[in-house]
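A short worksheet on the structure shown next.
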Amino acid sequence: MELFLDIETIARPGAEVLLPEPSAPSNYKDEAKIQAYIEEARAKQQEKMALDKRACEIVTIGWAAPSGAIHCEDRGARGSEADLLGRFWWTIDTIGPIQLVGFNIYNFDLPIIMRRSCLLGVKPTVQWRARKYQQEPVLDLMQEWVGWDGFCSLKDVCRECGIPEPEGDGADVATMTPEERIAHCKSDVEAVRALYYKGKGWYW
């Protein structure tokens, strides 16, 4: 059975120390310009922390079967990421054998779920061995659509395929309320599910 998955992430407090120290180009000689360059580069790094595997944490997880309701859990204002992951793995264990389907899941969702589970000591109930160019047990719709060396947004592909676009923007997750994050994550899962059936019989 297919399981359609999406996660939402935010920057993890204190994870700035894991980012590489930026340096100015070698042709910069003026100390003030060097410092300004480094500060600007550091600010850009921090802006992207929510999408950096080393520096993010999970706040929302959504999933759905081939038909029926979309399930979504959010940590809320005081929730624990470890508890969120624990509930996710428990749910996966109750479903049984699945093919995991997502958009950019190979490079984003799955590696982050595994990394955060490992670092937080949350044992997975399923071992997914995602392999490049393979569709089982993990199917990455983005890679199948644009090729393994390409990148595109879910919204762009939905627009191209005539599928309703997801609500909101992943870049705004940190400022969303839990209810807004859930709505955004659910719309991503719904778009992934619709895209899967759009390409079924051609790509997978």
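Listed values for segment 130-140 are Karplus-derived 3J(HN,Hα) couplings in whole Hz (6.51 cos²θ - 1.76 cosθ + 1.60, θ = phi - 60°), namely 5, 10, 4, 6, 10, 9, 10, x, 10, 10, 9, and x replaces Gly and Pro.
What are the membrane-span-like helices in the chain by this rule: whole DSSP H runs, Cα extent along the axis at least 18 Å, mean Kyte-Doolittle hydropathy at least -1.0? Walk me through the intermediate numbers first.
Working: long enough: 31-47 (24 Å, -1.29); 81-95 (21 Å, 0.17); 178-199 (32 Å, -0.67).
Both cut-offs are met by 81-95, 178-199.
On the principal axes of its alpha carbon atoms, the chain extends 61, 38, 31 Å, with the longest extent given first.
Looking at segment 109-181, the trypsin sites (Lys or Arg not before Pro) that sit in a DSSP loop and have at most 12 other Cβ atoms within 10 Å of their own Cβ are Arg129, Arg131, Lys132.
Within segment 2-61, which trypsin sites (Lys or Arg not before Pro) sit in a loop by DSSP and count at most 16 neighbouring Cβ atoms inside 10 Å? Filter output for segment 2-61: Lys29, Lys48, Lys53, Arg54.
For the pair Ser26 and Cys152, label points projected 7 Å from Cα toward Cβ lie 4.0 nm apart. I'd like the distance between the alpha-carbon centres of segment 7-21 and segment 69-104, rounded to an integer number of Å. After rounding, the separation between the Cα centres reads 21 Å. Each residue, Trp89 and Ala69, gets one label point 7 Å from its Cα in the Cβ direction; the gap between the two is 2.6 nm. If one computes the Cα centroid of segment 180-195 and of segment 116-147, what distance in Å separates the two points? A separation of 19 Å, based on Cα centres. For the chain, a simple Cβ point-charge model (Lys and Arg +1, Asp and Glu -1, everything else neutral) yields a dipole of about 580 debye relative to the Cα centre.
Pop the C-beta distance of Glu16 and Ala36 into the FRET formula with R0 = 25 Å and round what comes out to the nearest 0.05. Present the calculation step by step, with values, prior to reporting the outcome.
Values: r = 19 Å, r/R0 = 0.75.
Between Glu16 and Ala36 the formula returns 0.85.
My understanding is that a pair violates if its Cα-Cα distance is over 27 Å; which of Lys123/Lys186; Lys44/Lys155; Lys48/Lys200 do that in this structure? Violating the 27 Å limit, Cα to Cα: Lys48/Lys200.
Less than 9 Å Cβ to Cβ from Arg115, Lys/Arg counted +1 and Asp/Glu -1: what total charge do the surrounding residues give?
With Lys, Arg at +1 and Asp, Glu at -1, the net is +3.
Every number here is computed from the coordinates shown, using simple stated rules; none is lab data. Source: prediction; values computed, not measured. Note that we place each Cβ from the backbone using ideal geometry, even for glycine, and neighbour counts take in every protein chain shown.
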